[in-house]
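Right, one structure below, let's go through it.
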Number of protein chains: 4
Amino acid sequence: MTHNIAILGASGYTGAELVRLIAGHSSMKITALGANSKAGQTMAEVFPHLRHLDLPALVTIDEIDFSGIDLCFCALPHKTSQEVIAALPPDLKVVDLSADFRLRDPAAYKKWYGNDHAALAQQEEAVYGLTEFYREEIASARLVAGTGCNAATGQFALRPLIAAGVIDLDEIIMDLKCAVSGAGRSLKENLLHAELSEGYHAYSVGGTHRHLGEFDQEFSKVAGRPVQVQFTPHLVPANRGILATCYVKGDAQAILDTLEKAYEAEPFIKVLPLGEAPSTRHIRGSNFCHIGVVRDRIEGRALVIAALDNLTKGSSGQALQNANLMLDIEETEGLMMAPLFP
Amino acid sequence: MTHNIAILGASGYTGAELVRLIAGHSSMKITALGANSKAGQTMAEVFPHLRHLDLPALVTIDEIDFSGIDLCFCALPHKTSQEVIAALPPDLKVVDLSADFRLRDPAAYKKWYGNDHAALAQQEEAVYGLTEFYREEIASARLVAGTGCNAATGQFALRPLIAAGVIDLDEIIMDLKCAVSGAGRSLKENLLHAELSEGYHAYSVGGTHRHLGEFDQEFSKVAGRPVQVQFTPHLVPANRGILATCYVKGDAQAILDTLEKAYEAEPFIKVLPLGEAPSTRHIRGSNFCHIGVVRDRIEGRALVIAALDNLTKGSSGQALQNANLMLDIEETEGLMMAPLFP
Amino acid sequence: MTHNIAILGASGYTGAELVRLIAGHSSMKITALGANSKAGQTMAEVFPHLRHLDLPALVTIDEIDFSGIDLCFCALPHKTSQEVIAALPPDLKVVDLSADFRLRDPAAYKKWYGNDHAALAQQEEAVYGLTEFYREEIASARLVAGTGCNAATGQFALRPLIAAGVIDLDEIIMDLKCAVSGAGRSLKENLLHAELSEGYHAYSVGGTHRHLGEFDQEFSKVAGRPVQVQFTPHLVPANRGILATCYVKGDAQAILDTLEKAYEAEPFIKVLPLGEAPSTRHIRGSNFCHIGVVRDRIEGRALVIAALDNLTKGSSGQALQNANLMLDIEETEGLMMAPLFP
Amino acid sequence: MTHNIAILGASGYTGAELVRLIAGHSSMKITALGANSKAGQTMAEVFPHLRHLDLPALVTIDEIDFSGIDLCFCALPHKTSQEVIAALPPDLKVVDLSADFRLRDPAAYKKWYGNDHAALAQQEEAVYGLTEFYREEIASARLVAGTGCNAATGQFALRPLIAAGVIDLDEIIMDLKCAVSGAGRSLKENLLHAELSEGYHAYSVGGTHRHLGEFDQEFSKVAGRPVQVQFTPHLVPANRGILATCYVKGDAQAILDTLEKAYEAEPFIKVLPLGEAPSTRHIRGSNFCHIGVVRDRIEGRALVIAALDNLTKGSSGQALQNANLMLDIEETEGLMMAPLFP
């Protein structure tokens, strides 16, 4: 059986990544590609690396007939996404990759994103899309909210530890290094090759990055009480990858045991042997997440380091994994490709 | 039906790339991985990006029992390869990725590689592995010699043009830009990140690059008379990709028509519209080759530019394509993955 | 004696490079920085790497009092530059870094740039700024037109050879590889790190690059008859550097002798021993140009390869060198810093 | 007056960086270049970017006549350095760039480096070379021990804060990101461009990095009681730069005030306005160190982020700054060049 798929926002990086992944999927067929700003162009013109595929031309979202669509990926900017999704057929299965439906509390949404939410009914029904922790809800959901890519990385490292109470909840520091494709195809001076390629820096410093809204929501939910982490992202000169270095207080062996148990049946999460640190180069282009645990020389302290590809496991791969669940397809279908190295 | 596969030289980049590709192949199973210098280690230790795969441990080549192997990829350094292949079971199907069996003439081999050939019987039977032009011979071959990655790129651009006589055979200049993985995992000062990453230069200048042996052999064969191209490779700071900019004398439209006709049924070779130039970023990690033709402002001159991934279409992807033919599997099996961009 | 300097267009890369160079100059002082779009900001805000310098704030060009200025660098976009320069005090010494005054013939200007020239009087008096070949004219000029960075590179390689008649004038092919800072700080999709960093491609193919206007003008002038070269630039993932690989017909030794003689007294042009190829990494951040000559295996053919830093010798360094001449300062003052490697 | 300078270990990156800097120094002249493994070669052969300089050829250290040398830089590997320096004339002024004389306690040296110290007398007299904090001792020293590049970065961020008691001494976490040239020109697989360029990872995890020996020594000395920081370095795909992100407990404003006061007269240390984060791209190739202070959203927590160039301020620039002091030259001589950006 073939499922008909629409992708809205096909001219961005997460849209292109969805096309790349679905091209290798045995039972999905892309039947509509929406991209208002590039409507009328072919995908080969917008993304020449997809030239070999037989794809529908880009159209405006208004032009799409959703009647035969089984599932729609929405890879639009936040704020636009909520408006578009509110106007879609109410029974259409949707996986949203924007930030619009991640936060359960409209006040939290407004705090982090600045505007009132314009699709509260959809926000109400949306399921948080961190597959490994919301599998059942996702399988029966109509609307799934893909997580932030940084938020996914940090949660893979810490969520089981917070749930198990093996680390000090008030002393969590997450130093995150992310690659540039996470910023999308937007024209900003600091994303130019000449600006970015030979340096690196912290940004959204001091606890101002929006993905903190997700950390606060999810970690507090898991802990059963408010949890706030200290979180500093850095931009490094590479295209794909997130590395979250988490400084925690707890016993390294207990931490490792907890993670191994939490992920033992997971196809995409790989916990490394004690003392081994993961690298973004080893998950590049794949849906895998590598997690390492290290005991520090200072008694009672440990590192938990997680690495994943922001465009795949952090975004479009996660979205496809969720779509598989929603369409009752094998969860790993189309997602088992090996990383690209070198 | 599952075919049992051995890979010799599994600790190098082309070996790892074979594993990556075969991991997505529906009817091949890797049953032996040979790597003398890293025998005893697991593939996950040598290449952590392959950690998720269930693979045999690395062993010395001597330890491998070839009796159940259907096909053996040999990704060893040249000179070593001929010695190893001479000692393999004489009826074992072999795809060699080294330079050892590319040149038909032992004297030419000695001229370009410096040593006498140590496996003349095997050299005699070897078929040149440029799939699109030796398909039938490869399908029935026991031993196939994978081409040089630069040699493949240049031939895709020029071979049909030389055959058709639409360009001046004495005025071919090929300026080639290649990425660093083509040099392998060897420890050389000029391959260090600190040396390479912010500059670029020509190397093997003046007609001294060994792949010229292949160009001379193949272009002369196709033309029916001696053809020598002027060829200068450059090393650029990227990991994957070859771009061959070929300066030719001939009519651009006739050139385009010839290439379109030659490749119209080819699944992996894509000829771009007249005037469009390909980019290595659009074939990265894939088995595709993009070719562009441009008319120059100077009457009677044209550019033919070809781009491919040296590790895939230029080496391990080509090898798998040939293995598919040799094992009577669909030629494109395991090779249709989309490029990775960004 | 200290010379008061103004820089117009200080918020672009060539403007910043001028500031970097002049900061190490013993007798120039920057007294005005014009940048209409960023007026009101400090240079440290626009270019934090210049934070340690005591510089005037950015102002609009209209706000600048030119009465005390000894020389003005104009690092504005072409077309804007001609308008601004036409309105400057008529006796103010000006070094223009744009394309506006490079072409002697207004018709040629219109052909390559599309618009009628708006400052014909100034165009008439401008001197072409290729220092090594126009030294005397520059020393007495009021307005000097900085050359194109690609145009400078190609001329350093070929100009003495064309003048001496040691190469075939109808068979010159220049394959050029340039780094991304040459495109300036402009917000274009293909200049984003995620787009550019892992691939490379030819652009302005087929003889459409505007620097061909300079090659045609200067090579024809030197040869005493029309000369057209075939020229293809490529964009490579690095920030600084141009490498011009020139394919010529002529005797390699005669070519080397000609270049050595032409440049023997030049402080910035270094001719390498026969057979050695230069690299952009070895001139990075400096005002040097390295030139190599290689004999090809094909009789009567040779390579001439030139490397320079597009922002320094190709633009702002050249401009300062010319300004030194115009102000009767030692030509090399402020320009002898060593390249930055690694 | 001109001072005669010898550089031992001239074929490594710090040796080359010394040559680059001294080439712009008004009163130093390089009269001997030692490099045992490359003796007999010219510097232009080993480092073509220094081709324009008139330098002595490389010789073995034994061949150098130290009688006319005023100061010797020793840029050799640790362990070799102590042996060489022990054999130098006992009154020769020496700036050592290795790790051999950084630790005051021979037991600490053995703990971190594994071997007994072979030059205890010299170790006894050596002065720790963190210029801004040991200025007087350095001025009168015969032997100065250059600091680790990571150790310098972390100390610039934290040393005044520990001295002033404005941060919690038991809760210091330093997450450091360093570029690849810090690893030197050594042939290691993980330093190859193909391995490093598209990923990043933590290394020497868990408190095993040798520069911790310096942090322990210096921070404990300043605090007057034992201080241990948690320190994790990461390798990122860039050539120059160290970014130390320090997570501390204390009041951000008090921290900023303390740093501003400590560094107000320092020519090379620039403290940014509150809330601003430095970038390695803005100190590249220079002797400057930028420090930013950020208040976190969590009450009582702050970030202190320091950026410098490991080869310049972190190593060879620091060494030259110290040599200036030792030779009674203006401390900033030869070191005020602006960073190279882009």
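Among A:A179, A:A152, which is of a type in the set (A, V, I, L, M) and within 13 Å of chain D (Cβ to nearest Cβ)?
The conditions single out A:A179.
Here is a yes/no grid of residues against (1) in contact with a helix residue (DSSP H, G or I) (Cβ under 6 Å, 6 or more places away or on another chain); (2) open to solvent by 10 Å² or more (accessible area, probe 1.4 Å); (3) acidic (D, E); (4) assigned by TED's automatic domain parsing to the domain that holds C:F288:
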{"position": "C:A119", "(1), (2), (3), (4)": "yes, no, no, no"}
{"position": "C:E132", "(1), (2), (3), (4)": "no, yes, yes, no"}
{"position": "C:V180", "(1), (2), (3), (4)": "yes, no, no, yes"}
{"position": "C:S186", "(1), (2), (3), (4)": "no, yes, no, yes"}
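Looking only at residues in the stretch A:38-62 that are of a type in the set (S, T, N, Q) and more than 12 Å from every other protein chain (Cβ to nearest Cβ), which one is farthest from the chain's Cα centre (by Cα)?
Looking at the filtered set, the residue picked out is A:Q41.
Out of all the residues in the stretch C:75-109, which are touching a His at 6+ places or on another chain (Cβ under 7 Å) and either acidic (D, E) or not assigned by TED's automatic domain parsing to the domain that holds C:G9 (or both)?
Within the stretch C:75-109, the first condition is being touching a His at 6+ places or on another chain (Cβ under 7 Å), and the residues that meet it are C:82, C:98-100, C:106, C:109.
Selection gives C:D100 alone.
Report, ordered by the first and then the second residue, all pairs with beta carbons closer than 6 Å, sequence separation of six or more or different chains, a first member in the stretch B:289-313 that is more than 8 Å from every other protein chain (Cβ to nearest Cβ) and in a strand (DSSP E or B), and a second member that is open to solvent by less than 10 Å² (accessible area, probe 1.4 Å) and hydroxyl-bearing (S, T, Y).
Partner pairs satisfying both residue conditions: B:A306/B:T153; B:L308/B:T153.
Return the residue satisfying two criteria in turn: it lies in the stretch B:303-328 and is of a type in the set (D, E, K, R) and either modelled with pLDDT under 95 or closer than 29 Å to A:N239 by Cα (or both), and of such residues it is surrounded by the most Cβ atoms within 10 Å (Cβ to Cβ).
Going residue by residue through the stretch B:303-328, those that are of a type in the set (D, E, K, R) are B:309, B:313, B:328.
Among the residues that remain, those that are also either modelled with pLDDT under 95 or closer than 29 Å to A:N239 by Cα (or both) are: B:309, B:313.
Numbers: B:D309: 30, B:K313: 26.
This residue is B:D309.
Scan the stretch A:167-186 for residues that are farther than 25 Å from D:L303 by Cβ and in contact with a strand residue (DSSP E or B) (Cβ under 9 Å, 6 or more places away or on another chain) and jot them down.
Listed by number, the residues that qualify are A:R185, A:S186.
Only residues that are touching a helix residue (DSSP H, G or I) at 6+ places or on another chain (Cβ under 6 Å) and either farther than 30 Å from A:G184 by Cβ or more than 9 Å from chain B (Cβ to nearest Cβ) (or both): list them for the stretch C:190-212, please.
Correct list: C:L191, C:R210, C:H211.
Give me the residue from the stretch B:97-110 that is touching a helix residue (DSSP H, G or I) at 6+ places or on another chain (Cβ under 7 Å) and more than 11 Å from B:H78 (Cα to Cα) and, out of that set, most open to solvent (accessible area, probe 1.4 Å).
B:R104
Within the stretch C:34-53, take every residue that is hydrophobic (A, V, I, L, M, F, W, C) and assigned to a helix (DSSP H, G or I) and give me the one that is most open to solvent (accessible area, probe 1.4 Å).
If we take residues in the stretch C:34-53 being hydrophobic (A, V, I, L, M, F, W, C) and assigned to a helix (DSSP H, G or I), then C:A44 is most open to solvent (accessible area, probe 1.4 Å).
Kindly indicate whether A:A164 is surrounded by fewer than 24 Cβ atoms within 10 Å (Cβ to Cβ) and more than 14 Å from chain D (Cβ to nearest Cβ).
The answer is yes for A:A164.
For residues that are touching a strand residue (DSSP E or B) at 6+ places or on another chain (Cβ under 7 Å) and buried (at least 18 other Cβ atoms within 10 Å of the Cβ), scanning just the stretch B:78-92, find the one that is nearest to B:D65 (Cα to Cα). Walk me through it before giving the result.
Step one: of the stretch B:78-92, the residues touching a strand residue (DSSP E or B) at 6+ places or on another chain (Cβ under 7 Å) are B:81, B:84-85, B:88, B:92.
This time we only want the ones that are buried (at least 18 other Cβ atoms within 10 Å of the Cβ), so: B:81, B:84-85, B:88.
Working: B:S81: 18, B:V84: 14, B:I85: 14, B:L88: 10 Å.
Across the stretch B:78-92, the extreme among qualifying residues is B:L88.
Is the stretch D:221-233 home to any residue that is open to solvent by 30 Å² or more (accessible area, probe 1.4 Å) and within 11 Å of chain A (Cβ to nearest Cβ)?
Within the stretch D:221-233 (the criterion being open to solvent by 30 Å² or more (accessible area, probe 1.4 Å) and within 11 Å of chain A (Cβ to nearest Cβ)), the answer is yes, since at least one residue qualifies.
Please count how many residues of the stretch A:15-33 are in contact with a Ser or Thr (Cβ under 6 Å, 6 or more places away or on another chain), of a type outside the set (A, V, I, L, M) and surrounded by 24 or more Cβ atoms within 10 Å (Cβ to Cβ).
So the count comes out to 1.
So for the stretch B:59-77 (the condition being among the aliphatic types (A, V, I, L, M) and open to solvent by 60 Å² or more (accessible area, probe 1.4 Å)), does at least one residue qualify? Spell out how you get there, then give the answer.
Just the residues of the stretch B:59-77 that are among the aliphatic types (A, V, I, L, M), to begin with: B:59, B:61, B:64, B:69, B:71, B:75-76.
When the remaining residues are screened for being open to solvent by 60 Å² or more (accessible area, probe 1.4 Å), the result is none.
So far as the stretch B:59-77 goes, no, none of its residues is among the aliphatic types (A, V, I, L, M) and open to solvent by 60 Å² or more (accessible area, probe 1.4 Å).
Might you check whether a residue that is touching a Ser or Thr at 6+ places or on another chain (Cβ under 6 Å), of a type in the set (S, T, N, Q) and open to solvent by 10 Å² or more (accessible area, probe 1.4 Å) occurs anywhere in the stretch A:329-337?
Scanning the stretch A:329-337 turns up no residue that is touching a Ser or Thr at 6+ places or on another chain (Cβ under 6 Å), of a type in the set (S, T, N, Q) and open to solvent by 10 Å² or more (accessible area, probe 1.4 Å).
The rows are residues; the columns are (1) closer than 29 Å to D:G300 by Cα; (2) of a type in the set (V, I, T).
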site: D:H193; (1), (2): no, no
site: D:S204; (1), (2): no, no
site: D:E214; (1), (2): yes, no
site: D:R225; (1), (2): yes, no
site: D:T232; (1), (2): yes, yes
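From (1) surrounded by fewer than 24 Cβ atoms within 10 Å (Cβ to Cβ); (2) touching a helix residue (DSSP H, G or I) at 6+ places or on another chain (Cβ under 8 Å); (3) not small (G, A, S), pick out the condition that doesn't hold for A:L272.
Tallying (1) surrounded by fewer than 24 Cβ atoms within 10 Å (Cβ to Cβ); (2) touching a helix residue (DSSP H, G or I) at 6+ places or on another chain (Cβ under 8 Å); (3) not small (G, A, S), A:L272 fails exactly one: (2).
Going through B:A265, B:A252, B:A244 one at a time, which residue ends up being of a type in the set (G, A, S), in contact with a strand residue (DSSP E or B) (Cβ under 8 Å, 6 or more places away or on another chain) and within 18 Å of B:C289 (Cβ to Cβ)? Spell out how you get there, then give the answer.
On the way: B:A265 fails: in contact with a strand residue (DSSP E or B) (Cβ under 8 Å, 6 or more places away or on another chain); B:A252 fails: within 18 Å of B:C289 (Cβ to Cβ).
None of the other options fit; the residue is B:A244.
Could you tell me whether any residue of the stretch C:204-212 is in a loop (DSSP other than H, G, I, E, B) and hydroxyl-bearing (S, T, Y)?
Among the residues of the stretch C:204-212, at least one is in a loop (DSSP other than H, G, I, E, B) and hydroxyl-bearing (S, T, Y), which makes the answer yes.
Does D:E171 count as free of Cβ contacts under 8 Å to residues at least 12 places away in the same chain, within 12 Å of another protein chain (Cβ to nearest Cβ), over 26 Å from D:A265 (Cα atoms) and not aliphatic (A, V, I, L, M)?
Taking the combined requirement at face value, the residue does not satisfy it.
Quick one: in the stretch A:275-288, of everything that is farther than 19 Å from A:M174 by Cα and within 8 Å of chain D (Cβ to nearest Cβ), which residue is least open to solvent (accessible area, probe 1.4 Å)?
Narrowing the stretch A:275-288 to residues farther than 19 Å from A:M174 by Cα: A:281-288.
Right, trim to within 8 Å of chain D (Cβ to nearest Cβ) and you get A:281-282, A:284.
Values: A:R281: 20, A:H282: 30, A:R284: 5 Å².
Step by step, filter the stretch A:275-288, then rank; the result is A:R284.
Are there any pairs with C-beta distances below 6 angstrom linking a residue in the stretch B:119-148 that is closer than 16 Å to B:I269 by Cβ to a residue that is of a type outside the set (A, V, I, L, M) and assigned to a strand (DSSP E or B), with the two at least 6 apart or on different chains, and if so which?
These pairs meet every condition: B:Y134/B:Y128.
Could we say that A:G300 is of a type in the set (G, A, S) and open to solvent by less than 10 Å² (accessible area, probe 1.4 Å) here?
no
The values are calculated or read from the model by the stated rules, or taken from the named source; none is laboratory data. All values derive from a computational prediction rather than experimental measurement. Cβ: placed from backbone, ideal geometry, glycine included. Neighbour counts: every protein chain shown. Please note that ligands, DNA and RNA were not included when accessible areas were found on the heavy atoms of the full protein model with its side chains. Shrake-Rupley method; radii C 1.70, N 1.55, O 1.52, S 1.80 Å.
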